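**Q** Below you'll find the structure I mean.
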Amino acid sequence: MGPAIYIMWLRQMKRFIRSKARIFASIAQPLLFLVTFGFGFSAIFRQAGAGNYIDFLAPGIISMALVFSSVFSGIEVMWDRQFGFLKETLVAPVPRYALMLGRTLGGATVALIQGCLVLIVTILIGFRPASWAMLVPALLVMALIAVIFTAFGTAMGARLRDMQGFQLIMNFIIMPIFFLSGALFPLAGLPAVMYWIVRANPLAYGVDALRGLLINASHFGLPLDLAVLVAVAGVLLAGGAYLFKTIEV
């Protein structure tokens, strides 16, 4: 099982290294959000007495890079199915959940690298963590976010066959998840209905954990954030493994 996981992980890494366009896109879109929102609303945020908006926004933009990169792994499953590589992989004498786990770890590693690149860009633009030592636990939270959404993307890619349909469904699901995660706005003072929608969003706990570690501004509390992230990661890995086990080529 170990070699199968490593091989799938290595294949994901090779794909990423060869795709220079993907590396550029992973930085360009979050950078656009960071510059337009960060500098556009910075004065308003400061006038409201909420501090530096760049510092507030940076953890949310890092989470954005992680999420959008992670769900891309689902498209790779569909590409492999279309070109026959998936069939060759599934006939290998290894458990299918090992293949799914290798794909998930590979996709999560790629997403984590992209998240680190965005983190570096935010620091160059002006973001400063409250403590540089907190970057290490922040990386662990970033890895959890990457695993959650890579497992989700892989599960959807295993179930769907139409690439256009996959992109539409992902946009329909992922965009609300991002915008309703508190990545762009504070959670304090939200209407009750919207607040409970945000609380049901797993990404909200990832963003909150990063803010708690990087700028000491956690809303839910770090223990709850980590508990939710670990639980959701376990559920999605188990669900993704089941869907990958029943995949049809």
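The values are calculated or read from the model by the stated rules, or taken from the named source; none is laboratory data. As the structure is a computational prediction, the values presented were derived from the model and not from experiment. Backbone-built Cβ (ideal geometry, glycine too); neighbour counts: all protein chains shown.
**Q** May I ask you to verify whether Gly206 is within 15 Å of the chain's Cα centre (by Cα), among the small types (Gly, Ala, Ser), buried (at least 20 other Cβ atoms within 10 Å of the Cβ) and not in a helix (DSSP H, G or I)? Let's see the steps before the verdict.
**A** Working: within 15 Å of the chain's Cα centre (by Cα): yes; among the small types (Gly, Ala, Ser): yes; buried (at least 20 other Cβ atoms within 10 Å of the Cβ): yes; not in a helix (DSSP H, G or I): no.
Criteria not met by Gly206.
**Q** Moving to a separate point now. Can you find a residue that is under 18 Å from Leu237 (Cβ atoms), touching a Ser or Thr at 6+ places or on another chain (Cβ under 8 Å) and assigned to a helix (DSSP H, G or I) anywhere in region 189-201? Explain how you work it out, then say what you get.
**A** Restricting attention to region 189-201, the residues satisfying the condition of being under 18 Å from Leu237 (Cβ atoms) are none.
For region 189-201, residues under 18 Å from Leu237 (Cβ atoms), touching a Ser or Thr at 6+ places or on another chain (Cβ under 8 Å) and assigned to a helix (DSSP H, G or I): absent.
**Q** Looking at this structure, is Gly182 in contact (Cβ under 8 Å) with a residue 60 or more places away in the chain, crowded, with 21+ Cβ neighbours inside 10 Å and farther than 30 Å from Gly126 by Cα?
**A** Numbers: in contact (Cβ under 8 Å) with a residue 60 or more places away in the chain: yes; crowded, with 21+ Cβ neighbours inside 10 Å: yes; farther than 30 Å from Gly126 by Cα: no.
Answer is no for this residue.
**Q** Could you check region 115-158 and list, in sequence order, the residues that are closer than 15 Å to Ser73 by Cβ and within 13 Å of the chain's Cα centre (by Cα)? Please lay out each step first, then the result.
**A** So the first thing to find is which residues in region 115-158 are closer than 15 Å to Ser73 by Cβ, and the list is 115, 143, 145-158.
Matches in region 115-158: Gly115, Ala143, Ile145, Ala146, Val147, Ile148, Phe149, Thr150, Ala151, Phe152, Gly153, Thr154.
**Q** Just need a number here: residues in region 221-241 that are surrounded by fewer than 19 Cβ atoms within 10 Å (Cβ to Cβ) and without any contact (Cβ under 8 Å) to a residue 40 or more places away in the chain. Please lay out each step first, then the result.
**A** Initial filter on region 221-241 (surrounded by fewer than 19 Cβ atoms within 10 Å (Cβ to Cβ)): 221-224, 226-227, 230-231, 234-235, 238-239.
Next, only the ones that are without any contact (Cβ under 8 Å) to a residue 40 or more places away in the chain stay: 221-224, 227, 231, 234-235, 238.
Here the count works out to 9.
**Q** Further, regarding this structure: Out of all the residues in region 73-80, is one or more within 18 Å of Leu203 (Cα to Cα), at pLDDT below 80 and hydroxyl-bearing (Ser, Thr, Tyr)?
**A** Yes, the conditions are met somewhere in region 73-80.
**Q** Residue check, Ile54 against (1) in contact with a Leu (Cβ under 9 Å, 6 or more places away or on another chain); (2) under 22 Å from Met170 (Cα atoms); (3) modelled with pLDDT of 80 or more, all met but one. Which one?
**A** Condition not satisfied by Ile54: (2).
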